[in-house]
Amino acid sequence: MKNRPNLDMDVLRTFAAGFELGSFARAADRLGRSQSAVSTQLRKLEEQIGQPLVRKAGRGLVPTPAGERLLAYARRILDLNDEAVGAVRDLAFEGRVRLGLPQDFAETWLPGALGRFARTHPRVRVDVRTDHNATLIGHTIKGELDLSLAWGDGGGAPHAERLADLAILWIGRPDWPGVKTLGSTPLPLIAFDPPCVFRTAGVSALDAAGIGWRVSFSSPSLAGSWAAVEAGLGVTLRTRVGLPKKLVPLGPSSGLPRLPVMPLALHRAERDPDPATGQLAAIVRESILEEVGRLKGPRRV
């Protein structure tokens, strides 16, 4: 029987990263390669497999049926490779890492990221705290948290790394009738109590557009806010992260003003953290970039 080729791990990583990040240009930046080098790797992989793996769709690339199948295997192979390397290399890692993050990520993104860390660092305990941005950043600056994800630019906090910018969206029920139906009635707004970077952005946009508003519901829980929107008590504003299936972004036809983008930053208590904290930071960074790539929708080269 003809010998089957051994797939190159670096090539598989480039292939998977291109689709996970939504762009092979982003994959080239992440992996420190030129776009021409990435193109060469894709051609090499297609030669090994003997079938086209990507095809053009508009101005972007999408996987062919063979590419979709290989992508699933590539992710499994890379996860197993990283788990094996981490398990052997990091046996000595012990201790505790304290991680803070917004509620948006607690149920959607967090389990997968922690699972990846636990497989390679079984002796490290991770304590997770969800809270508002100002609280998370404050605890990190004081050394009460080792790492924290937080919305906003951090107000000049030290040891902060900006990971992504996500669009802020007005969120409501699919049947929300729009601003024009309100007449002189203030817009019912569902928001956290101040300080809240999303509330500040929304109120500023409404005031600039001359749209009256009132807070119709406030809760310290994001789940409570989502429930209030689903109940029809008003509209809120957030990113696509953790957006419930029963709610939708409200587009320009709603009459609501445009909103800015929201930075997402990773804060560290120390510039040079211990190895376990550094490894968790790397997994958080990679997982967030993958999540952002999926949320941005169309895949572009």
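Provide a single number: the residues in region 111-125 that are under 15 Å from LEU147 (Cα atoms) and either assigned to a helix (DSSP H, G or I) or not assigned by TED's automatic domain parsing to the domain that holds LEU147 (or both). Explain how you work it out, then say what you get.
If we filter region 111-125 for residues that are under 15 Å from LEU147 (Cα atoms), which is where we start, we get 113-114, 117, 124-125.
Okay, now just the ones that are also either assigned to a helix (DSSP H, G or I) or not assigned by TED's automatic domain parsing to the domain that holds LEU147 (or both), so 113-114, 117.
Selection size over region 111-125: 3.
Enumerate the strands (runs of 3 or more DSSP E) found wholly within region 201-301, keeping only those where 3 or more residues are under 30 Å from GLY58 (Cβ atoms).
Working: elements: 213-217, 236-238, 261-268.
Strands (runs of 3 or more DSSP E) meeting the threshold: 261-268.
Can you tell me which condition ASN6 does not meet? The list is (1) over 24 Å from the mean Cα position of the chain (by Cα); (2) in a helix (DSSP H, G or I); (3) not charged (D, E, K, R), and all the others hold.
Of everything listed in (1) over 24 Å from the mean Cα position of the chain (by Cα); (2) in a helix (DSSP H, G or I); (3) not charged (D, E, K, R), ASN6 misses just condition (2).
Output the residue which, of all residues in region 211-248 that are β-branched (Val, Ile, Thr) and under 19 Å from MET262 (Cβ atoms), is surrounded by the fewest Cβ atoms within 10 Å (Cβ to Cβ). Steps first, please.
If we filter region 211-248 for residues that are β-branched (Val, Ile, Thr), which is where we start, we get 211, 215, 229, 235-236, 239, 241, 248.
Adding the requirement that they be under 19 Å from MET262 (Cβ atoms) leaves 229, 235-236, 239, 241, 248.
Numbers: VAL229: 23, VAL235: 25, THR236: 25, THR239: 23, VAL241: 19, VAL248: 16.
Restricting to residues being β-branched (Val, Ile, Thr) and under 19 Å from MET262 (Cβ atoms), the top hit is VAL248.
Take region 165-207 and flag every residue that is of a type in the set (Lys, Arg) and farther than 22 Å from ASP104 by Cβ. Walk me through it before giving the result.
Keep residues of region 165-207 that are of a type in the set (Lys, Arg), which gives 173, 180, 199.
Answer for region 165-207, where residues must be of a type in the set (Lys, Arg) and farther than 22 Å from ASP104 by Cβ: just LYS180.
Looking only at region 143-175, count how many residues are in contact (Cβ under 8 Å) with a residue 40 or more places away in the chain and not in a loop (DSSP other than H, G, I, E, B). It would help to see each step written out before you state the result.
Residues of region 143-175 that are in contact (Cβ under 8 Å) with a residue 40 or more places away in the chain, as a first pass: 143-154, 157-174.
Subset that is not in a loop (DSSP other than H, G, I, E, B): 147-151, 154, 160-167, 169-172.
Counting residues in region 143-175 that are in contact (Cβ under 8 Å) with a residue 40 or more places away in the chain and not in a loop (DSSP other than H, G, I, E, B) gives 18.
Quick one: which residue in GLN51, GLN103, GLN41 is within 30 Å of LYS142 (Cα to Cα), surrounded by 12 or more Cβ atoms within 10 Å (Cβ to Cβ) and in contact with a helix residue (DSSP H, G or I) (Cβ under 8 Å, 6 or more places away or on another chain)? Talk me through it step by step, then tell me what you get.
Details: GLN51 fails: within 30 Å of LYS142 (Cα to Cα); GLN41 fails: within 30 Å of LYS142 (Cα to Cα).
None of the others qualify; the one that does is GLN103.
To keep it simple, each residue is scored yes or no on (1) in contact with a Ser or Thr (Cβ under 8 Å, 6 or more places away or on another chain); (2) within 29 Å of PRO257 (Cβ to Cβ).
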{"residue": "ALA113", "(1), (2)": "yes, no"}
{"residue": "ALA118", "(1), (2)": "no, no"}
{"residue": "GLY152", "(1), (2)": "no, yes"}
{"residue": "ASP165", "(1), (2)": "no, yes"}
{"residue": "LEU182", "(1), (2)": "no, yes"}
{"residue": "PRO195", "(1), (2)": "no, yes"}
{"residue": "ALA209", "(1), (2)": "no, yes"}
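Which residue pairs have Cβ atoms closer than 6 Å, lie 6 or more positions apart in sequence or on different chains, and pair a first residue in region 213-224 that is among the hydroxyl-bearing types (Ser, Thr, Tyr) with a second residue that is part of a helix (DSSP H, G or I)?
SER219/SER225
The values are calculated or read from the model by the stated rules, or taken from the named source; none is laboratory data. Model, not experiment: these values are computed from the prediction. Please note: Cβ atoms are built from the backbone with ideal geometry, for glycine as well, and neighbour counts cover all protein chains shown.
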